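S.K.: Sharing a structure with you now.
Since every read-out is calculated from the coordinates, none of them should be taken as a lab result. None of these values were measured; they are calculated from a predicted model. As a convention, Cβ positions derive from the backbone with ideal geometry for all residues, glycine included, and neighbour counts pool all protein chains shown.
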Amino acid sequence: MTKDTAQPKFIKFPCFLLDVDISQTAKLVYSLLLDRTALSKKHGWIDKQNRIYIIFPIAHIAAATRKGITAVKDALHELDSAGLIERKRNFSAPNTIYVLLPDSRETGQTSAGKPAIVEPEKRPCDSRENGRRTAGKPAPNQTNKKQTDKKQTNKRVALARQSYGSYGNVLLTDTEYQKLSADIPYLDNLIEQLSAYMESTGKKYKSHAATLRVWAARDRNQQKPRSSGMPDYSFKEGESL
């Protein structure tokens, strides 16, 4: 490397994980989740307690870490037990994940975690919150608000785009990925080619899902085996998605 060499994409590995008695897969998953908090913060995924949360389906974690579904589930259970994450189950939607940080006042102790929070000046204001809540059945307006919040959460899950590809520049929603998987058997290979193509050429597309469908259609029209090299997916003027 020289001073002008560009660094490859990376995620940060917290030093305190070196002293935590969990598997290497669990440490990798935690580092990935901690890295995703920056993306959640950017998109304003912050709850009423000012805590940053993540919506990261297990299948996507497995794809990002190159691990199996079972290995990722085991890693998440380890992180739960170690007090490094907190998961909130959602009905018919991926779990909400809170990444916890170890208590710096107790060296080596990770059982007491602290949720990642945003800076005070960026805290969302809600004049309806008065602090204390009374015990008993919620008022009708509170019930309606909870239902509205649930719908909004489900909508964010449906519309949230996850990063795919070696360069993390191919963005697809869960629905888009599932539909593409059903139609394109070699979808993951096609995603890798799109990721490398955009990184090497600097090209951008309005819809990566539509672009992948166009590429797959051109492959079918060519009616010949896929070559090991990168195909020519350039577009004429006016054809770019």
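S.K.: Could you list, in their original order, any pairs among Lys179/Lys206; Lys12/Lys179; Lys3/Lys203; Lys9/Lys42 whose Cα atoms are separated by more than 28 Å? Each step should come with its number before you reach the end.
M.R.: Numbers: Lys179/Lys206 18 Å; Lys12/Lys179 32 Å; Lys3/Lys203 26 Å; Lys9/Lys42 18 Å.
In this structure, Lys12/Lys179 exceed 28 Å between Cα atoms.
S.K.: Among Trp45, Ala62, Ala26, which residue has its Cα positioned farthest towards the positive end of the charge dipole of the stretch 1-102, with +1 placed on the Cβ of Lys and Arg, -1 on the Cβ of Asp and Glu, and the dipole taken about the Cα centre?
M.R.: Most positive-ward Cα: Trp45.
S.K.: What are the ³J(HN,Hα) values, in whole Hz, obtained from phi via the Karplus relation 6.51 cos²θ - 1.76 cosθ + 1.60 with θ = phi - 60°, for each residue of the stretch 22-34 in sequence order, with x given for Gly and Pro?
M.R.: 9, 5, 5, 5, 5, 5, 5, 5, 4, 4, 5, 5, 5
S.K.: When Lys and Arg each count +1 and Asp and Glu each count -1, what net charge do the other residues less than 12 Å away from Pro14, Cβ to Cβ, add up to?
M.R.: Details: positive: Lys12, Lys27; negative: Asp19, Asp35.
Cβ neighbours under 12 Å give a net charge of 0.
S.K.: Now for a different question. Taking the Cβ of Gln162 as the center, what net charge do the other residues with Cβ under 11 Å away carry, scoring Lys and Arg +1 and Asp and Glu -1? Show your work: numbers first, answer last.
M.R.: Values: positive: Arg36, Arg161; negative: Asp174, Glu176.
It works out to a net charge of 0.
S.K.: While we're looking at this one, here's another question. Among the trypsin sites (Lys or Arg not before Pro) within the stretch 1-87, which fall in a DSSP loop and have no more than 12 other Cβ atoms within 10 Å of their own Cβ? Don't skip to the end; give the middle numbers.
M.R.: Values: sites: Lys3, Lys9, Lys12, Lys27, Arg36, Lys41, Lys42, Lys48, Arg51, Arg66, Lys67, Lys73, Arg87; in loops: Lys3, Lys9, Lys12, Lys48, Arg66, Lys67.
Hits after loop and neighbour filter: Lys3, Lys9, Lys12, Lys48, Arg66.
S.K.: By the scheme Lys and Arg +1, Asp and Glu -1, what is the net charge of all other residues having a beta-carbon under 10 Å from that of Leu28?
M.R.: Once positives and negatives cancel, what remains is +3.
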